[in-house]
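Have a look at the structure below before the remarks.
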Amino acid sequence: MSCGAAGAVGFSEFDTAMMRRALALAEKGVCSVTPNPAVGCVIVRDGNVIGEGYHKRAGTGHAEVNAIASAGGDIRGADVYVTLEPCSHYGRTPPCAETLIRAGARRVVAAMKDPNPMVAGRGLAMLSEAGVETRCGLLEHEAELLNPGFLHRMRTGRPYVRLKMGCSIDGRTALADGSSKWITSAEARRDVQSWRARSCCILTTSATVLADDPSMNVRPEELPEGFADRFMAQGPRQPALALVDEHRRVPSGAAVFKTERPVIRFTSSPEGGQEVFYRRQNENALADVFRELGRRQMNSVWIEAGATFAGSVIAQDLADEIIIYLAPRFIGADGRPLAAITGCGDLASTPFYEVTDCSMAGRDIRVTMERKRG
């Protein structure tokens with residue numbers, strides 16, 4: 001739910017600066033707060049910052065609570081800048097809107113409303129009814145970009161899906177014999193580690209695991225400079241692993257099972273626990289995988305898989321974002337393709353994406369694309 005264009009009118013430069021500070025604080029929690037959103041909060045009285053905080057981990061104090069604590073508990077007459085509408089319901093912690101009222105907040109500025117059906121404007125309404133001045137919509141776009149997974153899951157029931165691919169400049173992922181280590185640079189692989197770290201779940205397939213026996217985990221020593229500290233700050237949180245293994249081909253000794261984390265196996269013969277029925281021939285099988293992950297409160301999914309699975313994700317329009325690392329080398333026509341997509345009879349029927357970012361990752365080009373709809 002948007003605050004609306006009118007909500008962004010009339011803010012001062014100081015208001016904007018304080019919200020940017022709150023957004024920077026929120027960014028510190030992106031690796032650790034799942035399934036909650038990353039939120040930052042700044043408290044100001046008489047033009048001076050008296051408290052700051054951010055949500056560090058699910059089940060612990062929210063950003064507003066931590067900011068109030070850093071202000072000594074008394075924020076009477078203060079302005080509160082928070083990147084997401086304060087919650088209005090009891091969960092693992094009491095409602096932040098109620099806490100702000102008790103602590104004496106004079107004014108609360110939220111970057112955006114919370115699309116969680118249990119909040120959805122009720123937090124701001126609670127504050128307003130208690131006599132607290134409320135405003136919403138300051139740097140709303142930046143706040144949206146901070147939590148694409150949480151917001152997408154609240155609005156659709158599905159996680160935000162990122163599909164990662166790496167290839168040569170002529171679109172090949174491996175030589176004809178399958179050799180692919182390493183097409184992309186060490187810097188690109190470090191960048192991949194940072195995307196894994198901020199994801200709730202890494203999804204791969206039995207074909208990929210059997211071919212390479214990867215760990216598919218986050219390795220702090222391989223994270224980009226500066227990002228490792230953020231990942232380790234609240235204690236490292238390994239993303240869950242979703243393994244599409246229809247015929248149970250992956251052995252128990254595979255490297256993917258050696259990292260301590262939840263592993264969800266999608267198979268045609270589930271044996272209980274963290275195993276879910278999956279049969280590729282079923283019409284909605286792949287979409288059901290993402291719906292199940294959404295039901296399990298996975299905000300964002302990072303896919304690393306081969307051409308067949310990647311092609312299916314693209315063809316079924318299930319990727320919200322695609323990140324491709326292009327290495328400046330040619331492999332040739334007998335190399336393996338980037339994505340196996342069939343049935344496109346004309347150009348009008350081909351999946352089309354909009355490039356939203358193009359930057360360097362070492363010697364490689366990182367291209368980020370979103371699905372062009374409508």
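Residues in segment 199-327 average 43 Å² of solvent-accessible surface per residue, probe 1.4 Å, ligands and nucleic acids excluded.
Short-range pairs are left out: with C-alpha atoms under 8 Å and at least six residues apart, the relative contact order of segment 45-94 is 36 percent.
Could you tell me the calculated FRET efficiency between Asp288 and Ala348, based on Cβ-Cβ distance and R0 = 30 angstrom, to the nearest 0.05?
0.55
Our compactness index for segment 117-209, the C-alpha radius of gyration over the empirical 2.2 N^0.38 Å, is 1.70.
Largest first, what is the accessible-area ranking of Phe231, Phe14 with a 1.4 Å probe?
Phe14, Phe231
Sorted on the mean count of surrounding Cβ atoms within 10 Å across their residues, most packed first, peptides 26-36, 169-179, 209-219, 49-59 read 26-36, 49-59, 209-219, 169-179.
Helical runs assigned H by DSSP (4 residues or longer) give the chain a calculated mean residue ellipticity at 222 nm of -7500 deg cm²/dmol, each run adding -39500 (n - 2.57) before division by the residue total. Ranking of Ile341, Ile68 by solvent-accessible surface, largest first: Ile341, Ile68 (1.4 Å probe, protein heavy atoms only, all chains present). Taking every alpha-carbon pair under 8 Å whose residues sit at least 6 apart, segment 259-374 reaches a relative contact order of 21 percent.
Pop the C-beta distance of Trp182 and Thr60 into the FRET formula with R0 = 35 Å and round what comes out to the nearest 0.05. The pair Trp182/Thr60 has a calculated efficiency of 0.35. Using the empirical formula 2.2 N^0.38 Å as the baseline, the Cα radius of gyration of the chain reaches a ratio of 1.07.
Computed with the Debye formula from one identical point scatterer per Cα of segment 157-310, without solvent, the log10 of I(q)/I(0) at q = 0.14, 0.19, 0.20, 0.21 Å⁻¹ comes to -0.72, -1.30, -1.41, -1.51. Distances between every pair of Cα atoms in segment 280-366, grouped in 5 Å steps from 0 to the bin holding the largest one, split as 3, 10, 17, 22, 22, 15, 8, 4, 1 percent. At q = 0.11, 0.14, 0.16 Å⁻¹, what base-10 log of I(q)/I(0) does the Debye formula yield for segment 1-143 when every alpha carbon is treated as an equal point scatterer in vacuo? Cα-only, vacuum Debye calculation for segment 1-143: -0.32, -0.54, -0.72. With axes computed from alpha carbons, what is the tilt in degrees of helix 13-27 against the longest principal axis of the chain, rounded to the nearest 10 within 0 to 90? The two axes meet at around 50 degrees.
Extending 7 Å from the Cα toward the beta-carbon at both Phe14 and Arg248 defines two label points whose distance is 6.6 nm. Between Ala333 and Arg107, the FRET efficiency estimated from the beta carbon spacing at R0 = 45 angstrom works out to 0.10.
The angle between the Cα long axis of helix 186-197 and the main principal axis of the chain comes to about 50°, on a 0 to 90 degree scale.
Taking the Kirkwood radius as the inverse of the mean 1/r across Cα pairs, report the Rg/Rh of segment 219-374.
Values: Rg = 18.0 Å, Rh = 18.4 Å.
When Rh is taken as the Kirkwood radius, the ratio is 0.98.
For segment 187-267, report the % of Cα-Cα distances exceeding 22 Å. The answer is 25 percent, as a whole percent. For the chain, what does the relative contact order come out to in percent, with C-alpha contacts under 8 Å and a separation of six or more? After rounding, I find 16 percent.
The values are calculated or read from the model by the stated rules, or taken from the named source; none is laboratory data. Quantities reported herein were computed from a predicted structural model and do not represent experimental measurements. Quick reminder, even Gly has a Cβ in these numbers, built from the backbone with ideal geometry, and neighbours come from all protein chains shown. SASA here: full protein model, heavy atoms, side chains in, ligands and nucleic acids out. Shrake-Rupley method; radii C 1.70, N 1.55, O 1.52, S 1.80 Å.
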